[in-house]
1. Please report the antiparallel percentage of DSSP beta bridges with both residues in the range 55-267, rounded to the nearest 5.
2. If I model a spin label as a point 7 Å beyond the Cα along the Cα-Cβ vector, how far apart are those points for residue 137 and residue 361 in nm?
3. Any idea which of 59, 69, 23 is furthest toward the positive side of the dipole for the range 1-123, if Lys and Arg beta-carbons carry +1 and Asp and Glu beta-carbons -1?
4. What is the order of 278, 61, 298, 116, fewest Cβ neighbours within 10 Å to most?
5. Where does each of 155, 20 land when they are ranked from fewest to most other beta-carbon atoms within 10 angstrom?
6. Quick check on my link table: of 189/246; 132/285; 96/251; 246/285, which ones sit more than 24 Å apart, alpha carbon to alpha carbon?
7. For residue 163, list long-range residues whose amide hydrogen, built 1.01 Å from N in the peptide plane, is under 5 Å from its own amide hydrogen.
8. Using R₀ = 41 Å, calculate the FRET efficiency as 1/(1 + (r/R₀)^6) where r is the Cβ-Cβ separation of residue 382 and residue 178; round to 0.05.
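Any read-out appearing in this document is the output of simple, stated calculations on the displayed coordinates, not a laboratory observation. All values derive from a computational prediction rather than experimental measurement. All Cβ positions, glycine included, derive from the backbone under ideal geometry; neighbour counts span all protein chains shown.
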Amino acid sequence: MNLRLLAWKSLKSRRSTAILTIFSIAVSVLLLLGVEKVRVNAQSSFANTISGTDLIVGARSGSIQLLLYSVFRIGNATNNITWKSYQDIAQLKGVKWTIPISLGDSHRGFRVMGTSRDYFSVYQYGEKRTLKFSSGIQFEGVFDAVIGSEVANSLNYSIGDEVIISHGTGSTSFAQHKDKPFVISGVLKHTGTPVDRTIHVSLAGIEAMHVNWQGAIKKRKASKALTESNLQPESITAFLVGLDSKIISFKMQRYINEYSPEPLLAIFPGIALHELWSLMSVAEKALLIISLFVVLASLTGMLAVSLAGLNERRREVAILRSVGASHWHIMGLLVTETVLLTIAGILMGVTLLYSSIWLAQPMIEKTYGLFIPITAPNIRELGMVSMLLATSFIIGLVPAYQAYKNSLADGMSIRS
């Protein structure tokens, strides 16, 4: 007796119920695998935000706080670092390069970061990928600005447009540097990192826009010409450090953390990223648990439908028994039906998942900076699907056992 053929014909006779059951399983599979793919790619994108940087140095606070404002442009520093301290550390033996960072201003909700020209050549993200320009060049003049791809797309900016910098980090500000607008000299290619949401200017530019500014607490004296030579900053927010050798990383970190002229903190980006992701793991686990409950609800619904329909199928079962089908054949038939429904639901769910990724990929990348590639299911995803199939097999045993207990006489009798 061909159980698969028999199960297929039985499901065809109840196609409406079967289609609804398949669809509910497909939606649960879509959610389960979708959450897993977003989780894996979000973690990968998160970990690849910064690469090739050995240390991040800022005022003494917490490692996560330093990481948030220096790399993710979230929050503010508790204090600044004097320019002298920065130069002292930058000139130490073993220091290959440094990138100063000055924060505190914004433009229409996007953070403005003062830095050096070296930023565009030595800063790395992902698998040691460097920044590239989609158009224009890095800043050359004091009032030049380089914007990230998301800034350009959101505000519809291009080369030559003016940017009015605002004091503070809010999306709305009443303290604007309208007297000293910046001009866009370059637009960076998309990176999927906070770089896309940043407006980059020179450290001299940060200093220049505060010259004779009425809102400044301490006005900087104006010179005859605003040039880089007479616009050296007094302090910066943080700086990134690249070393000649990884071997001296711990020694350099200890030196900076014990730096006597002022309290500083040096952190390893990778360790800080891991700590930050661990804090967000609660939400990650919550999403996964919700997805598992959705799958469980779908399988429970399938079980309920099978048990509810079992009473109506007593005559069908009895006829099969009368033509020679054993108890084991009947149990095999019901289990096969359950497994076939689950397989069909999984296939539909996977199809819906990859179709959704293909359609939503550009929007997700543009809106959230998260690229979800269309790749084959990984080991973890295959394990989830296998567990789903195994569970469906176990669930199929429940109505099968119920049918096993129904006698031939009970099935053939006419009930009023």
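1. Values: 33 of 43 bridges.
Counting DSSP beta bridges with both partners in the range 55-267, the antiparallel share is about 75 percent.
2. 3.6
3. Of the candidates, 23 comes out farthest on the positive side.
4. 278, 61, 116, 298
5. Exposure proxy ranking, most exposed first: 20, 155.
6. Checking Cα-Cα distances, 189/246; 132/285; 246/285 exceed 24 Å.
7. The answer is 182, 183, 184.
8. Using R0 = 41 Å, I get an efficiency of 0.10.
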